[in-house]
Amino acid sequence: MRHLPRLRGAVSASLCCSSPTSIRTTAVAAVATASSSTTTQSFQRRALSTSVVSSGAVEIQTPPQGLKPPSKEWKVAVRPDQITDPAYVPAQDGLELEEVGGLDGWWENPANYGAGKEWVGFGPTEKVTDPAVLEVAVYRALVEALIARREMTRSDLTVARDILLSSGWGPATLTITAAKTKLIAGQHGNLLFNGTQEHEAMMAALEKHTFPAKENGDQDTILAAESEENLEPEVKEEVETVAAAEQEAEVTEEVETTVAQDQEVEVKEEAEEAVAAEQEAEVKGEDYLTDGVISAEKAQAMLKELGHEWKRATIRDTIFKFFVAKRIQKLTGHVIPDGKLVALATAGSLIKEIIKPPKAKKLAEEIENKEIFQSLPNVRVFPRRVTPIDKEKMVGRWKVIREELEGRGLPVIGTANIDNAIEKKWVTGAE
Amino acid sequence: MAGKGMRSLSEAMRGLSLAAQTCRTVPVRTAPLISRRSMATEAPVSNITRSVTEQWHPITTVPVTIHSFPSLEPRSLETYSAKHLYLPLRRDILHLAVVYEGDNTRQGTAQAKTRWEVAGSHRKVRPQKGSGKARVGSKQSPLQRGGGKAHGPRNRDFGTKLNRKVYDLAWRTALSYRYRRGELIVTEDGLDLPLPEDFLQQAQAGLLTRELEDAFIQKYVGEILGAMQWGKAHGRTTFITGEERMNLFTAMEVAGENGTALELEDVDVKDLLETGRIVIEKSVLKEMIREHRSDLVTTIAVPAKKKEITLGSLVYPYPKYAEN
């Protein structure tokens, strides 16, 4: 038994991903971890730390429980002279002893291993594979990322922006409203909303579902969580640098549809319309979802209305791409690595990248998937080498051969202990 | 040599055309077509021809997403110079570096005794003549059983040399290769493997033997990395941290079939090329590149004329959440 050199830290969650509702409390832990990680500790090589590692956004959905250690009670066997069973025959040596108990495979029993120890990533546990759903997800990701990029650039909205980027599918209304928000390719081919007021309905839906009012009913608390007065000096500094960097990075996308933020006129009629449409959709929304994800049939219907023009729009801004990739990962589970993201310049290429099925591991699988030799009647593809036994089986001789070999006491497969013919050595002179 | 002759001729012609110009222009030699081959990991180029009026803007910076671990949430975004993380694949340079490392890792301690080192008397074994047997000078002769070895291995240094700039380029080429393939996962600082609460409690209470602890960790790591598609079935994973992290290093030692964990100082180019993916802390990546950029920065103290390439700069930070 090794010694555990460090005492336990405060009990907190160990493993899991973030959920939008819990993200605020858990992210504080991330900051604390990052700052404390600089202290070095000396310890034995084979040792386990009992202080919990916080991975930042940690929130346990089902707390790990039920790990069952083996009992420390020992059962003592009956002495041989006290055994009354007439069938008992004492063993003559160790090999004859029956093996009882043991701890091999102790954790393979689910009752011992307990529950809640599965890995939970940022995205859904199972990747979305349906092409139509993926396309709708990309569209929604683009809409939301555009909103995050345009409407949440203010330094006091960084938390709200992160909540938006980290939230799941939510109610079907969000997807429906996103699909109604028209995206176009601008004058220079860049991705834009079709007009400055196009995303009002989506904003309203997000405020309702993604940023729900807190218990005290104060809607503004999350959206204005970080007023500049409350920020620590270092945070403030960072926020300022970010704002500067963002302003610098803003490309022509923004220029095209400069939102006159000063002229933020509340278009009441439109908002009311949107709310009405939303309520209508909400009533119907139930059948839109399967396991929280939009269903494939509904996705196909949405795609017909979306058309194809938006897929040609270009995406060049690095931070915007980051937003889109994060949304896509959260919604679909597909991770687009940076190295690939660099080369993807249009909305359509993003879709192509995640729709592409994973590469087959074996050539035979690849050939089978692509049905390459299907049209050739005289060509067959096998997943492994065709052995002499396979050939015998194909013509139905193997059963006979096996019986003959077994009848003569010869090995069926392989050569057992029978060496090569000694004469061969004499002839070739080889040792 | 006809080809060479033709090339010389064309060069001469080009020289003539330049000489005819009024202003002096540095002749730009394009690489011969045969060497302009496609790199294996190169992104598909949609149109390879480009109008002369259109300016060519190569990528100068590349984004690096910083993830949390183990949820792999994209947290913040940094940019790195293309000369750090977006170099073209040069197999030849990687080969040089791996061979160089292999040579310098050789222990070179094999040593066999020569006839002068084998212990014993150097007396003549038997008279030169008259015994009817072969002549024998001493029993340490390589011909004798128990004698010395004529040309046996000797202690020596197998180390070879490689120019520092080439080695550093190889290092960044290896990182770039991983980056392009999406096999470089950068995490926030403090990369460690969180172990389940109930396991840690029971381990501390002494309810589990070492065998049970190891068996648990082996199963746990196998399941976690399997679910992430990082495990044995997906080519294993190399974790690189700045210092030894207790849980991660012990876990990867126990569950070595799924990957390995290394400190920065133990990493070399071969390690970067070996497993299915590299998981590295962001500060460690920065330090690694800082240590291996001798071909990009000068150590001579002269007023810098060129703008120095900065190491990864943060372009999108993870928002700091206010406490409740």
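Take each residue of peptide A:320-329, count the partner chain Cβ atoms within 10 Å of its Cβ, and average: the result is 3. Could you calculate the FRET efficiency of A:ILE355 with B:ALA227 from 1/(1 + (r/R0)^6), where r is the beta carbon distance between them and R0 is 25 Å, rounded to 0.05? Rounded to the nearest 0.05, the efficiency is 0.65. Spatially, the range B:175-253 and the range A:62-125 are offset by 26 Å when compared through their Cα centroids. For the range A:308-322, 3J(HN,Hα) computed residue by residue from phi via the Karplus equation (6.51, -1.76, 1.60; θ = phi - 60°) reads 10, 4, 5, 5, 7, 5, 8, 10, 10, 5, 5, 5, 4, 4, 4 Hz, glycine and proline entered as x. Distance distribution P(r), the range A:367-416, all Cα-Cα pairs, bin width 10 angstrom from 0: 21, 36, 23, 16, 5 percent. Inter-chain neighbour count for B:180-193: the average number of beta-carbon atoms from partner chains within 10 Å of each residue's beta-carbon is 5.
For B:SER141, nonlocal amide neighbours, meaning residues 5 or more places apart or on other chains whose placed amide H falls under 5 Å from its own, are B:GLY148.
Computed over the Cα atoms of the range A:329-424, the ratio of the radius of gyration to the Kirkwood radius (Rg/Rh) comes to 1.30.
Taking label points 7 Å from Cα along the Cα-to-Cβ direction, A:ALA301 and A:GLU207 give a separation of 2.9 nm. Placing dummy labels 7 Å off each Cα toward the beta-carbon, the span from A:GLU423 to A:MET394 is 3.2 nm.
Kirkwood analysis of the range B:185-305, using all unique Cα-Cα pairs, places the hydrodynamic radius at 16.0 Å. Highest-first packing order for the peptide set A:294-305, A:74-85, B:193-204 is B:193-204, A:294-305, A:74-85, based on the mean count of other beta carbon atoms within 10 Å. Kirkwood hydrodynamic radius of the range A:140-204, from the reciprocal of the average inverse Cα-Cα distance over all distinct pairs: 12.4 Å. Using R0 = 30 Å, the C-beta based FRET efficiency linking B:THR60 and B:ASP189 works out to 0.70. With a 10 Å cut-off around each Cβ of A:120-126, the average count of Cβ atoms from other chains is 3.
Taking amide H positions as modeled 1.01 Å from N, with prolines and chain starts lacking one, the residues under 5 Å from B:ILE240 and 5 or more places away or on another chain are B:LEU262, B:VAL279, B:ILE280, B:GLU281. Residue-wise HN-Hα couplings along the range B:189-195, as the Karplus relation 6.51 cos²θ - 1.76 cosθ + 1.60 with θ = phi - 60° gives them from phi, are 5, x, 5, 8, 9, x, 9 Hz; Gly and Pro carry x. Compared with the direct C-alpha span, the chain from A:ARG312 to A:ILE367 gains 16.6 nm at full extension, assuming 0.36 nm per residue. Between B:HIS151 and A:ALA77, what is the FRET efficiency for a Förster distance of 56 Å, r being their Cβ-Cβ separation, to the nearest 0.05? So, using R0 = 56 Å, E works out to roughly 0.30.
Computed from the coordinates by the stated procedures, all read-outs in this text should not be read as laboratory data. Quick caveat, the model's predicted, so the values are computed rather than measured. Cβ atoms come from the backbone with ideal geometry, glycine included; neighbour counts cover every protein chain shown.
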